[in-house]
Structures are given as C-alpha cells and as structure tokens.
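Q: My questions all concern the structure below.
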Amino acid sequence: MLRVTKALMLLTDLAFVGYFTITGLGLIPLEWAFADYTDPLMADWNWSFLWIDLLASATGLASLHLLRRASPSGPGLMLVSLVLTMASGLMAIAFWTLRGDFSLVWWLPNLYLMLFPVPAIVCLTRSRPSFTAS
C-alpha cells in the first residue's frame, strides 16, 4: 500500500507546485475556474492554500527522498505531508459545502486530496513506536 501512496504523493506534490505556478501565471481558463474566480476575496481564499499546499509538497518530496535512502526520518515526514494534504482537501471541501457550490471540477480533486492519504495515515500511525512522557 505504501508503494501506491508514494506514487500518489509524488504526483500530488508536483501537482501542488504546478497548480500554483499555473494559477500565478493566470493560465486557468475562466470556464474551468471555480465560482467567483475573479472576485478578489475568492482569489485571496485560493491563495491562502499556497502555504499549506507547498508545505505538504516540500515535506512529501523530502520524505520520498529520505525513504529512498532508508532514513528513519522518512516515515514521520511522510505522515506530516499526508496530514497536511488531507487538511488542505478537507478545508476546501468544507468551504465549498458552506457556499453550497457543488462543482465536480473542484470537488473531485479536493476529495482526492482529503481521502487518498487516509489508508497510509492509518498504516503509519499503527506502525509508529509509542511515545511515553517521563
């Protein structure tokens, strides 16, 4: 399962960088854009995801590198990345739900972000050594 997760993480982390590059260059056609895309408040909402998405991407790519080198830090960093990715998708889905906006063009990618990490998060948290405070 973690093999599939690693492949999905690589694609997702590169897609995060690609999405904000494309968005920053203004290359998203308006017919593909989310509702009220040109509204400055909505643009700010969209850009508010930059930091969580890039942090998820950076930790994800770093964890994949560490896992390839068999570093013991790899799984922990992978868990951080997956939780950030899941949170990003959850935040977007919560927002679209509150707005009553159900466009599959934006729901499907965010449901993917929210759900693909779950099996690996469960697997990683079950296999992590327990921590006890002294």
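Q: Give the residues of the stretch 1-31 that are surrounded by 16 or more Cβ atoms within 10 Å (Cβ to Cβ) and of a type in the set (S, T, N, Q), sorted by residue number.
A: Hits for the stretch 1-31 are T5, T12, T23.
Q: Here is a check on your reading of the model: is V80 part of a helix (DSSP H, G or I), over 20 Å from Y19 (Cα atoms) and not aromatic (F, W, Y)?
A: Yes.
Residues are listed down the side, and each one gets a yes or a no for (1) within 20 Å of F116 (Cβ to Cβ); (2) of a type outside the set (D, E, K, R):
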residue: T21; (1), (2): no, yes
residue: L25; (1), (2): no, yes
residue: D39; (1), (2): no, no
residue: I52; (1), (2): yes, yes
residue: A56; (1), (2): yes, yes
residue: G60; (1), (2): yes, yes
residue: L67; (1), (2): yes, yes
residue: P72; (1), (2): no, yes
residue: S81; (1), (2): yes, yes
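Q: Within the stretch 122-132, does at least one residue satisfy the condition of being surrounded by 15 or more Cβ atoms within 10 Å (Cβ to Cβ) and under 20 Å from L8 (Cα atoms)? Can you show your working first?
A: First, pick out the residues of the stretch 122-132 that are surrounded by 15 or more Cβ atoms within 10 Å (Cβ to Cβ): 123-124.
Now restrict to residues that are under 20 Å from L8 (Cα atoms): 123-124.
Yes, that holds for at least one residue.
Q: Six or more apart or on different chains, Cβ atoms under 6 Å: show the pairs whose first residue is in the stretch 122-133 and within 19 Å of L82 (Cα to Cα) and at pLDDT 70 or above and whose second is part of a helix (DSSP H, G or I) and among the aliphatic types (A, V, I, L, M).
A: L124/L79
Q: Quick one: in the stretch 87-96, of everything that is modelled with pLDDT of 95 or more and surrounded by fewer than 19 Cβ atoms within 10 Å (Cβ to Cβ), which residue is nearest to W47 (Cα to Cα)?
A: Result: M91.
Q: Could you say whether any residue in the stretch 4-20 is free of Cβ contacts under 8 Å to residues at least 60 places away in the same chain and of a type in the set (K, R)?
A: No, the stretch 4-20 contains no residue that is free of Cβ contacts under 8 Å to residues at least 60 places away in the same chain and of a type in the set (K, R).
The values are calculated or read from the model by the stated rules, or taken from the named source; none is laboratory data. Since the model is a prediction, treat every value here as computed from it, not as a measurement. Note that we place each Cβ from the backbone using ideal geometry, even for glycine, and neighbour counts take in every protein chain shown.
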